[in-house]
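Taking it in order: structure first as structure tokens, then the write-up.
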Amino acid sequence: MFVLLLLFISASKVQSDAFDVVAKFGAKADGKTDLSKPFLDAWKEACASVTPSTVVIPKGTYLLSKVNLEGPCKAPIEINVQGTIQAPADPSAFKDPNWVRFYSVENFKMFGGGIFDGQGSIAYEKNTCENREFRSKLPVNIRFDFVTNALIQDITSKDSKLFHINVFACKNITLERLKIEAPDESPNTDGIHMGKSEGVNIIASDIKTGDDCISIGDGTKNMVIKEITCGPGHGISIGSLGKFQNEEPVEGIKISNCTITNTSNGARIKTWPGEHGGAVSEIHFEDITMNNVSSPILIDQQYCPWNKCKKNEESKVKLSNISFKNIRGTSALPEAIKFICSGSSPCQNVELADIDIKHNGAEPATSQCLNVKPITSGKLNPIPCSGPVPKTPSATA
């Protein structure tokens, strides 16, 4: 991250050309006139500049139908978003899952305190597990595809119809001081999802949503998540994994100094039973506070939402070298720690150290272990593997 910041500091010393979507390209901040053409025209001119350039979206409210912002650009490029950009509220306006997309861009920065408002309330009502075709066309608020050396700061994503931010096939991208907001009942509104990316940093961000605050898909390597406040939502999750063929390994993920509040899960790893193979290794959760979290510490290798899976088969995803250290707080349910590992490929080198989680109810907190023998040290509450594992462990969202 330090190298990335130096890159932008050095670039800022060169006079940056400003491309104002209102002053130069005729955009109107009236909440009705489509921003798409002025935004795209400004981007194309800025991207063609041989000197560092900045696209400026001034304060005000803009309607944006959709935009695809492509590189490569000839010099470092920035977007200064000061205003509120709104998506069409009607989900039928979208024929594919894209609203704002950055593709094949290098040396990029977006900042300014602006808001991307997906206006997702209508979509939430129609997005049910049976309505897959409808869900397949819902747009992600912001997509970063094949983006390298990027810094995203001080941006808000609000009420996305599907995921808020999706990071795919990116390298060295930092997301810092973001605000992500959606109702706790909004389905499939993961805060930040990523896959097949390396060197992703998510720092000092506040995420309130209806699904995973952060979800980490296959092919993610060497990632840092720190100083996150999460909740409501489904916690910070590795996975789900093992549902598709040829998934790439997940390795080298550190999650630290986070606070998770009123969520269904806390620090979680989830893989599908049966299905396909994969590998997860060097995953480290440290210095995390849990406040009234239903499942604060969870390895779930029988992940089966909507009961649509091969329940009688074991997960083929191999989990190894995983640690949970200095995790404290309260659990909404007695089962504060659940390690439900695969019978055919048991979890290896799972470490618990300095854990103190109390149940908010009258019963003491318990810990369940299946197909794993955790390595333990320090103070441990609840006592590891102290509770019985039900024949059919409860499903998690």
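The values are calculated or read from the model by the stated rules, or taken from the named source; none is laboratory data. Quantities reported herein were computed from a predicted structural model and do not represent experimental measurements. Backbone-built Cβ (ideal geometry, glycine too); neighbour counts: all protein chains shown. The accessibility values were calculated without ligands, DNA or RNA, using every heavy atom of the protein model including side chains. Shrake-Rupley method; radii C 1.70, N 1.55, O 1.52, S 1.80 Å.
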### Query
Relative to a virtual label point 7 Å from the Cα of Ser320 in the Cα→beta-carbon direction, which members of the stretch 237-268 show backbone nitrogen distances below 17 Å?
248-253
### Message
7 Å from Cα along Cα→Cβ at both Val389 and His284: what's the point-to-point distance in nm?
### Response
2.7
### Under 12 Å, Cβ to Cβ, from Ile77 - net charge with Lys/Arg +1 and Asp/Glu -1
-2
### Message
Quick check on my link table: of Lys109/Lys221; Lys137/Lys316; Lys24/Lys59; Lys109/Lys208; Lys28/Lys74, which ones sit more than 20 Å apart, alpha carbon to alpha carbon?
### Response
Lys109/Lys221; Lys137/Lys316; Lys109/Lys208; Lys28/Lys74
### Query
What does a probe at Ser136 reach in the stretch 84-123, counting residues whose amide N is under 18 Å from the point 7 Å along Cα→Cβ?
91-99
### Task
Relative to the longest principal axis of the C-alpha atoms of the chain, give the angle of the C-alpha long axis of helix 2-12, reported between 0 and 90° and rounded to the nearest 10°.
10
### Task
List, in the order given, every pair from Lys66/Lys311; Lys254/Lys358; Lys158/Lys391; Lys226/Lys358; Lys95/Lys243 whose Cα-Cα distance in the structure shown is over 29 Å.
Lys66/Lys311; Lys158/Lys391
### Query
How large is the helix-only mean residue ellipticity at 222 nm for the chain, computed as the sum of -39500 (n - 2.57) over DSSP H runs with n ≥ 4, divided by its residue count, in deg cm²/dmol to the nearest 500?
-2500 deg cm²/dmol
### Solvent-accessible area of Lys310 with every protein chain in place, 1.4 Å probe, in Å² to the nearest 10
90
### Query
What net charge do the residues around Glu313 carry, taking every other residue with its C-beta under 14 Å from that of Glu313, with Lys and Arg at +1 and Asp and Glu at -1?
+3
### Message
For Phe111, Phe94, Phe244, give me the order by solvent-accessible area with a 1.4 Å probe, most accessible first, ignoring ligands, DNA and RNA.
### Response
Phe244, Phe111, Phe94
#### Entry: Debye intensity ratio in log₁₀ form over the Cα atoms of the stretch 131-219, taken at each q of 0.10 Å⁻¹
-0.23
### Query
On full extension of the chain, what length is gained from Ile375 through Phe244, given 0.36 nm per residue of separation minus the C-alpha to C-alpha distance?
44.1 nm
### Task
Provide the convex hull volume over Cα atoms per residue for the chain, in Å³.
125
### Query
Within a Cβ distance under 15 Å of Asn222, other residues only, what is the Lys/Arg minus Asp/Glu net charge?
0
### Query
Where does each of Arg268, Arg143 land when they are ordered by accessible area, with a 1.4 Å probe and the largest first?
Arg143, Arg268
### Task
Sort by residue number and report every cysteine in the chain with no other cysteine beta carbon within a distance under 4.7 Å.
Cys129, Cys170, Cys258
### Task
Would you check the accessible area of Trp43, probe 1.4 Å, heavy atoms only, in square angstrom rounded to 10?
0
#### Entry: Among Gly235, Gly114, Gly60: highest mean-square fluctuation, GNM of the chain, C-alpha pairs under 10 Å
Gly60
### Message
Output needed: percent of Cα pairs per 10 Å distance bin for the stretch 221-369, bins running from 0 to the one holding the longest distance.
### Response
12, 43, 35, 10, 0
### Task
Could I have the simple spin-label model distance between Ser104 and Lys254, label points 7 Å from Cα toward Cβ, reported in nm to one decimal?
3.5
### Under 5 Å, built H, 5+ apart or other chain: amide partners of Gln86
Tyr62, Leu63, Leu64, Asp117
#### Entry: Length-normalised contact order for the chain - Cα pairs under 8 Å, 6+ apart - percent
8
### Task
Rank Asn291, Asn326, Asn307 by mean-square fluctuation in a GNM of the chain with C-alpha springs under 10 angstrom and give only the top-ranked residue.
Asn307
### Message
Suppose each label sits 7 Å from its Cα in the direction of the beta carbon; what would the Lys32-Ile122 distance come out to in nanometres?
### Response
1.8
